[in-house]
Structure formats: C-alpha cells, structure tokens
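The values are calculated or read from the model by the stated rules, or taken from the named source; none is laboratory data. All of these numbers come straight from a predicted model, not from anything done at the bench. Neighbour counts are summed over all protein chains in view; Cβ atoms, including those assigned to glycine, are modelled from backbone coordinates with ideal geometry. Side chains included, ligands, DNA and RNA excluded: accessible areas come from the protein's heavy atoms. Shrake-Rupley method; radii C 1.70, N 1.55, O 1.52, S 1.80 Å.
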Amino acid sequence: MNWRGPIAACALALGATASSAQSFATQLQLPCLTAPEAESLITAVLPETIEALATSCAPQLPPGARLREAKARILPRYRSEAEAVWPTAQRAVSRVVGADATVLLGNNVARPVIASLLAPAIVKQIQPSECPAYDRIIALAEPLPPRNLAGLMVSIWQLTDARRKPGEKRPAITVCPSAA
C-alpha cells in the first residue's frame, strides 16, 4: 500500500497546502511508528475507512454482504474503540507531522477530520474486483475486537516492510522493527 496519499492528506488536514503536503510526504522519510502507535492510528481511522469501503464496494457486492450492513453491525463498536485509542493515535500523528501540529490535534474534531481525509485516500487504492475479498475480511474480523483487526493489519504492514530489498523504495511511514 502506498502511504504517501494518506500522509499528504494528514498534512493537509493539519493546515498545509496541497502542494506542500504532497512534497512533505514525497521527500521526507518520516519517523517510524511503534506497533502500538500504528495499531492505535489504524483503529482510529477504521470506522471511516470501513464506511468508505462499504460505500465504494456496494455496487460490487450482493445484498447480504457484511460491508453493506456495516453501519448497523460493525461501525458503532468501531467508533467507540476509535475514540478510546485516539490519545495514542494523536501522539503518533504528532510525531509524524511535528510538534507544531499538537495544538491542532488536541480538539474533539481532529480524529474525525483526519479519518475523513485518510479513509478516502486508503479506499481509493482498492480495485472494484477486490471488494468481495474485503467483504470477507470484514466478515471474518467482525467478531474480533477492533484492536485485533488493527493488530493484524500492523503485522502484515511489518511483514511487508521486512520483505523490502535494500534500496527498494519504502513508504513514507513505516512501523519500527520489533525487537527480537
């Protein structure tokens, strides 16, 4: 997954211009996130991401698909968890975008604004043909706590980063290698 779009969206949410946000994301190697920070950040944006995914994938899915029922079945629990982890996610975003953004991140609208910018950037990368697979992932993850889904996503993110060859282009944000 290319994280430059979401990073630029996050920088834009924090007041940068569109061109400086893209430049920021493209040119800088940002500090890595710890696994708990990455899990909190993912958990914080999961409700809006699942909602955007459900909207985007609806035409490709049958009437009884889990994503089509996400608003009633999944999202209330995910929204509650997103609010609970926001303080940790907020610290992660502050580390990535800089201490100057801390004031902007401290209010009650920061999480929904950041999530509403990141979710479309994430979902935009999903191909319509992949919607049934994402619906299956949501169906399998539904009984799990939201943090478990975020933890699985971070583990996959770490595995992907670890498989990159030396010199291969890395995403702007990475998860710090775990101590062995």
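The table that follows gives values for the structure above.
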| item | result |
| --- | --- |
| Selected residue (criterion: surrounded by the fewest Cβ atoms within 10 Å (Cβ to Cβ)) from residues of the range 107-151 that are of a type in the set (Ser, Thr, Tyr) and farther than 22 Å from Leu33 by Cα | Ser129 |
| Subset tally (residues that are within 23 Å of Ala72 (Cα to Cα) and of a type in the set (D, E, K, R)) for the range 146-164 | 1 |
| Residues that are β-branched (Val, Ile, Thr) and either touching a Leu at 6+ places or on another chain (Cβ under 8 Å) or closer than 16 Å to Ala72 by Cβ (or both), drawn from the range 124-145 | Ile126, Ile138 |
| Val154 part of a helix (DSSP H, G or I), touching a residue at least 60 places away in the same chain (Cβ under 8 Å), crowded, with 21+ Cβ neighbours inside 10 Å and within 17 Å of the chain's Cα centre (by Cα) | yes |
| Residues of the range 163-180 that turn out to be of a type outside the set (S, T, N, Q) and open to solvent by 80 Å² or more (accessible area, probe 1.4 Å), as a count | 10 |
| Failed criterion for Ala70 (all others in (1) under 19 Å from Ile173 (Cβ atoms); (2) at pLDDT below 90 hold) | (1) |
| Flag if Leu30 is assigned to a helix (DSSP H, G or I), in contact (Cβ under 8 Å) with a residue 24 or more places away in the chain and farther than 12 Å from Arg147 by Cα | no |
| Conditions (1) farther than 21 Å from Gly151 by Cβ; (2) open to solvent by 70 Å² or more (accessible area, probe 1.4 Å); (3) without any contact (Cβ under 8 Å) to a residue 24 or more places away in the chain: number failed by Glu69 | (2) |
| Spans of helices (runs of 4 or more DSSP H) in the range 34-149 with at least 1 residues within 27 Å of Asp161 (Cβ to Cβ) and touching a helix residue (DSSP H, G or I) at 6+ places or on another chain (Cβ under 6 Å) | 35-57, 75-97, 102-105, 110-123, 131-141 |
| Residue in the range 126-147 that is at pLDDT 90 or above and within 13 Å of the chain's Cα centre (by Cα) present | yes |
| Residue list for the range 120-156, filter: small (Gly, Ala, Ser) and over 17 Å from Pro62 (Cβ atoms) | Ala121, Ala141, Ala150, Gly151, Ser155 |
